[in-house]
Amino acid sequence: MAEKPSSPNPEPPIATTATPGGGKAPKKTFALIGNPNCGKTTLFNSLTGMRQKVGNYPGVTVERKEGECFSQHGERFRIIDLPGSYSLNAHSPDEAVLRDVLLGRRADTVRPDVALCVVDASNLERNLFLTSQVLELGLPTILVLNMVDVAEERGFKIDVDGLEEALGIPVIACRAHQGVGITELKLAMSRSDIPVSKFEVQYTEAWNRIWDQATEKLAKSGALHGVGSRDRLEAIYLLTDHDPSHYGLSKEELAKVKEVREELDTQKPQWEETLAPARYEAIQKVCDLSVRPPEEYQPSLTDRLDAVLLHWLWGWVTLAVIMVGMFSLIFSYADIPMGWIEGTFAWLADRVRGMMGPGEFRDLLIDGALEGVSGVLVFLPQI
Ligand code: GDP
Ligand code: MG
């Protein structure tokens, strides 16, 4: 099919960046990959401590973070914190950074030897979308099941062994913000035999033929620059990228990509829309084997109040009861404290009248000051 040597399940390179004599350059490069906010940077900081370098990928606004850590056996590892993304189907140059690093298409960044896929355990299905794409690239991978505290709080039970079995890679449960699971992760990273996942999205025979034809055309034109073993995936990512001009392809190669895309558009106008559902179906199978959703939903106090107060009928009834209650309070029950206020001021006026002889000053005190203050204070209960 492709010109480059290709095999369905290649043996992963383990120590591509090693130097003779061991000491100087890091032995393996690990890349932290995941959705935004799943805890990549927290893990990166836990793993590397102060040994970090921060910069930018040329031409884009994406931050580039690199650091180092040591394995359990004292080997130096390079760690890169890759930009967060929801998918490898890039629609912007920023998103393309992640995909291109993983496909080995960036001259400025070494292709990682091992992928550390970080997922938010409380949102496993959505997070596995990107992870499943990374798994298919054929890199040795460790899955970091982060935020297990949030998942447990929400009542999800994740069977770590089941997940390991379904994906065929080590799975490490973590609470990165508390440093829980980091030692286990370092142990897993120190293994010399980190496996490649057997995860694969199954397409129908007809679609397989279509992808193979498209891949062959692109491979012949030389547009596939990547790792060789996963030509079909690279072809799909190239075709789904709406602006492949930043790839560094020649004019002829770009024209070929455009041509194959147009052919697909005429042959199967919905070709792009079939990709995500097929992937979600495969992910669902993995989740069915490893995730137990909350057994019994325990509504919180807020949930229970909302059920009544936001109900289409009981909500209005509650509003009516509150309004009637409030007006009754104003017009009936407020009379009682109003009577107390008036009574107090009448009593005070009597006292002043008893103590002072008639005159303008007594009138000022009784009819002016006391009456005025009482006239205002009497409305307090209603207010
Ligand atoms: P990134 O976008 O993937 O780099 O995510 P960050 O490392 O910036 O983490 C996002 C937020 O999640 C931060 O506020 C972290 O403190 C928090 N966080 C990271 N790991 C965990 C975890 O295991 N449990 C909980 N509850 N929060 C976490
Ligand atoms: Mg980050």
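The values are calculated or read from the model by the stated rules, or taken from the named source; none is laboratory data. Being a predicted model, the structure only gives us computed values, none of them experimental. Backbone-built Cβ (ideal geometry, glycine too); neighbour counts: all protein chains shown. For the accessible areas, the whole protein counts, side chains as well, though only heavy atoms, and no ligand, DNA or RNA atoms are used. Shrake-Rupley method; radii C 1.70, N 1.55, O 1.52, S 1.80 Å.
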*Any residue in segment 36-58 that's more than 16 Å from residue 143 (Cβ to Cβ): show its pairings with residues that are more than 7 Å from ligand 1 (Cβ to nearest atom) and part of a helix (DSSP H, G or I) at Cβ separation under 9 Å, as long as the two are six or more apart or on different chains.*
46/182; 46/185; 52/44; 52/45; 57/94; 57/97; 57/101
*Name every residue in segment 342-364 that is within 26 Å of residue 381 (Cβ to Cβ) and open to solvent by 60 Å² or more (accessible area, probe 1.4 Å), in order of residue number.*
342, 344, 347, 348, 350, 351
_Need a quick list: strands (runs of 3 or more DSSP E) entirely within segment 104-174 having at least 2 residues that are closer than 18 Å to residue 83 by Cβ, touching a strand residue (DSSP E or B) at 6+ places or on another chain (Cβ under 7 Å) and modelled with pLDDT of 95 or more._
114-120, 141-146
*asked:* Please go through (1) within 30 Å of residue 73 (Cα to Cα); (2) open to solvent by less than 40 Å² (accessible area, probe 1.4 Å); (3) touching a helix residue (DSSP H, G or I) at 6+ places or on another chain (Cβ under 9 Å) for residue 215 and return the number of the only condition it doesn't satisfy.
replied: (1)
*asked:* Just checking, does segment 107-129 include any residue being without any contact (Cβ under 8 Å) to a residue 60 or more places away in the chain, of a type in the set (Phe, Trp, Tyr) and within 30 Å of residue 285 (Cβ to Cβ)?
replied: no
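Among the helices (runs of 4 or more DSSP H) lying completely within segment 267-349, list those that include at least 3 residues that are closer than 25 Å to residue 156 by Cα and touching a residue at least 24 places away in the same chain (Cβ under 8 Å). Talk me through it step by step, then tell me what you get.
Working: elements: 275-290, 301-309, 314-328.
Result: 275-290.
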*Which strands (runs of 3 or more DSSP E) does segment 49-89 wholly contain that include 3 or more residues that are under 16 Å from residue 31 (Cβ atoms) and of a type in the set (Asp, Glu)?*
63-70
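Listed here are the residues, each with its yes/no results for (1) crowded, with 17+ Cβ neighbours inside 10 Å; (2) at pLDDT below 90; (3) within 15 Å of ligand 1 (Cβ to nearest atom); (4) under 23 Å from the mean Cα position of the chain (by Cα).
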position	(1), (2), (3), (4)
40	yes, no, yes, yes
44	yes, no, yes, yes
54	no, yes, yes, yes
61	no, yes, no, yes
65	yes, yes, yes, yes
*Mind listing just one residue for me: the one in segment 302-325 that is charged (D, E, K, R) and open to solvent by less than 90 Å² (accessible area, probe 1.4 Å) and, of those, farthest from the chain's Cα centre (by Cα)?*
306
*Mind listing just one residue for me: the one in segment 157-193 that is open to solvent by 60 Å² or more (accessible area, probe 1.4 Å) and under 20 Å from the mean Cα position of the chain (by Cα) and, of those, nearest to residue 114 (Cα to Cα)?*
175
*asked:* For the structure I just gave you, tell me whether residue 144 is surrounded by 20 or more Cβ atoms within 10 Å (Cβ to Cβ), within 16 Å of residue 102 (Cβ to Cβ) and not hydroxyl-bearing (Ser, Thr, Tyr).
replied: no
*Failed condition for residue 120, given (1) within 16 Å of ligand 2 (Cβ to nearest atom); (2) open to solvent by less than 10 Å² (accessible area, probe 1.4 Å), with all others met?*
(2)
